[in-house]
Amino acid sequence: MRITDVKVIVTCPGRNYVFLKIYTDVPGLYGVGEGTLNGSEPVVAEALRHIAPLLIGRDPQRIEDIWHLVYRHAYWRGGPIFAAAQAAIDFALWDIKGKQANLPVYQLLGGKARDSVMCYSHAFGKDVVETEDSARQLMEQGFKVVRCQVGVYGGAGVLGLNPPMSPGTPPEQIYEPTPYLLSVPAMFKHLREKLGNEIELFHDVHEQLSPIEAARLAKELEQYRLFFLEDPLMPEHRESWPILRAASTTPLAIGEIITSRWDCLPLFQNHWIDFIRIKPLHVGGLTEARKIMIMAEPYNVRSAFHGAADIGPVAQAASVALQSVIPNFGVQEWTRYPDATYDVVSGTCEMKSGFITPSEKPGLGIDIDEEKAAAYPYKQAWMPLVRRADGTMHVY
Ligand code: CO
């Protein structure tokens with residue numbers, strides 16, 4: 001079997017996605033992939049167009065070999081752009097292999113270790129009562145784990161917005177850590193009083209704190225028995241993890257912006273974290289995410305795969321396939337896509353009562369309608385910019 005064509009599809013049915021189709025010389029057999037990278041979609045698409053000629057003529061069944069070919073082709077290795085492009089190719093090859101074998105990808109990875117994948121979703125509000133109501137709605141839907149945020153960007157630390165510098169660019173948030181640090185323990189005090197102790201609750205810091213601030217927060221939240229504290233530090237603060245770890249028994253989760261096994265390994269080996277938030281999309285695909293989860297296993301690190309809406313339907317299906325088979329599963333983040341996405345993409349994973357069951361269709365079970373995708377052209381979108389009250393870019 002040979003790869004005959006590679007097609008990159010950038011579309012915005014409610015939000016931007018980068019999809020990929022890899023065609024073979026077997027009539028009708030092609031694989032669907034995804035390389036969405038929030039805010040940088042056109043850059044990944046260009047990387048894929050650049051890499052595509054390397055793939056033509058190769059045997060798509062040789063997934064491991066093509067992974068290393070793509071990883072090493074540029075001399076410059078790694079980083080989020082190449083990791084997302086590499087994932088797009090890797091997903092499409094697993095999809096082809098599944099279609100060829102007439103089996104869903106989770107079967108190729110070893111078969112189910114659980115019937116379905118437990119998900120969490122997001123409770124939020126402008127005050128603690130709104131967050132409580134939002135959490136109750138999720139609990140009524142069946143969710144066993146709920147992320148809890150209050151105020152803009154998860155805490156009361158955002159004091160206002162600077163208007164955009166030029167049309168089409170984002171406003172800048174004004175953030176201060178003290179109101180944020182005061183608001184989060186107060187939120188959990190309220191939620192535990194109102195919702196009880198059994199529901200699993202947690203909070204996402206979005207890497208907004210310095211190491212000693214994060215240590216203080218983890219310590220103050222210990223009494224509220226969090227499922228985990230998410231992204232308390234930037235991954236770069238490697239030397240500060242022991243300070244945070246020693247401060248409390250609050251379980252720690254990180255990894256949604258980690259793109260390599262080399263950044264995961266010290267977190268595992270030093271027992272600094274309890275949950276790893278990688279997902280196949282941003283570490284180079286299923287081939288690599290599976291290896292990272294195997295590396296995590298002897299260190300008792302469980303998965304908490306990032307699954308915000310920028311982890312599009314193909315990438316989410318790949319996450320669910322892997323989450324179904326790994327023994328060290330923790331939880332899967334779940335967000336519904338904009339309605340138009342369901343118009344362009346078929347086979348999207350369905351969440352029922354807080355759980356997702358992987359698709360039984362061959363491969364990843366997803367297809368992209370290219371004509372419909374073309375009706376939703378790319379729209380430039382940005383990530384939040386954050387400054388301190390005195391005008392300094394927020395450095396943490
Ligand atoms: Co996060």
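The values are calculated or read from the model by the stated rules, or taken from the named source; none is laboratory data. Worth saying up front: this structure is predicted, and the values here are computed from it rather than measured. Virtual Cβ from ideal backbone geometry, glycine too; neighbours counted across all protein chains shown. Side chains are part of the model used for accessible areas, which takes the heavy atoms of the whole protein and leaves out ligands, DNA and RNA. Shrake-Rupley method; radii C 1.70, N 1.55, O 1.52, S 1.80 Å.
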- Note on the structure: From highest to lowest solvent-accessible area (probe 1.4 Å; ligands, DNA and RNA excluded), Asp90, Asp25 read Asp25, Asp90
- With a ≥ b ≥ c taken as the square roots of the eigenvalues of the C-alpha gyration tensor of region 57-141, please select rounded if a/c is under 1.5 and otherwise prolate if a/b is larger than b/c or oblate if it is not? oblate
- Sites excluded, trypsin sites (Lys or Arg not before Pro) in DSSP loops with at most 16 other C-beta within 10 Å, longest stretch of the chain: 226-335
- Query: Hey, rough spin-label estimate for Arg49 and His73, points 7 angstrom out along Cα→Cβ, what's it come to in nanometres?
  - Reply: 1.5 nm
- Query: Based on the alpha-carbon gyration tensor of region 200-323 and its eigenvalue square roots a ≥ b ≥ c, which shape applies: rounded if a/c is under 1.5, prolate if not and a/b is larger than b/c, or oblate?
  - Reply: prolate
- Query: Relative to the Cα centre, what is the charge dipole magnitude of region 131-267, using +1 at the beta carbon of each Lys and Arg, -1 at the beta carbon of each Asp and Glu, and rounding to the nearest 20 debye?
  - Reply: 320 debye
- In terms of modelled amide H atoms, which long-range or inter-chain residues lie less than 5 Å from the amide H of Glu333? Tyr120, Phe305, Gly307
- Of Cys349, Ser40, Ala296, which is farthest along the charge dipole of the chain in the positive direction, counting Lys and Arg as +1 and Asp and Glu as -1 at C-beta? Ala296
- So what is Rg over Rh here for the chain, counting just Cα atoms and using Kirkwood for Rh? 0.97
- Under a 1.4 angstrom probe, counting protein chains only, how are Tyr342, Tyr175 ranked by accessible area, largest first? Tyr342, Tyr175
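Leaving out ligands, DNA and RNA, what percent of the accessible area of region 41-100 is carbon and sulfur, probe 1.4 Å? Intermediate values should be presented prior to the final figure.
Numbers: 1550 of 2670 Å².
Looking at region 41-100 in its full context, I get 58 percent from C and S.
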- Taking H placed 1.01 Å from N in the peptide plane, check which residues at least 5 places from His394 or on another chain put their amide H under 5 Å from its amide H. Val386, Arg387, Arg388
- Integer Hz, Karplus 6.51/-1.76/1.60 couplings in order for region 373-386, x for Gly and Pro: 4, 5, 6, 10, x, 3, 10, 4, 9, 10, 8, x, 10, 10
- Task: Assign unit charges at the C-beta atoms only (+1 for Lys and Arg, -1 for Asp and Glu), then state the dipole size of region 3-103 relative to its Cα centre in Debye, rounded to the nearest 20.
- Result: 60 debye
- Pop out the carbon and sulfur fraction of the accessible area of region 111-187 as a percent, whole number, probe 1.4 Å. 60 percent
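Using a 1.4 Å probe, what is the accessible area per residue for the chain, in Å²? Don't skip to the answer; put the middle values down first.
Working: 16510 Å² over 396 residues.
I get 42 Å² per residue for the chain.
Give the range of the longest stretch in the chain that excludes all GluC sites (Glu not before Pro) found in loop regions by DSSP and having at most 15 other beta-carbon atoms within 10 Å. Each step should come with its number before you reach the end.
Working: sites that count: Glu198, Glu236, Glu350, Glu360.
Between the exposed loop sites, the longest stretch runs 1-197.
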- If you take the square roots of the eigenvalues of the alpha-carbon gyration tensor of region 3-103 and sort them as a ≥ b ≥ c, do you get rounded (a/c under 1.5), prolate (a/b over b/c) or oblate? oblate
- Note on the structure: Rounded to the nearest 10 Å², the 1.4 Å probe accessible area of His394 is 20 Å²
- Note on the structure: In whole Hz, the Karplus estimates of ³J(HN,Hα) for region 191-203 (6.51, -1.76, 1.60; θ = phi - 60°; x where Gly or Pro) are 5, 5, 5, 8, 9, x, 9, 7, 5, 7, 10, 8, 9
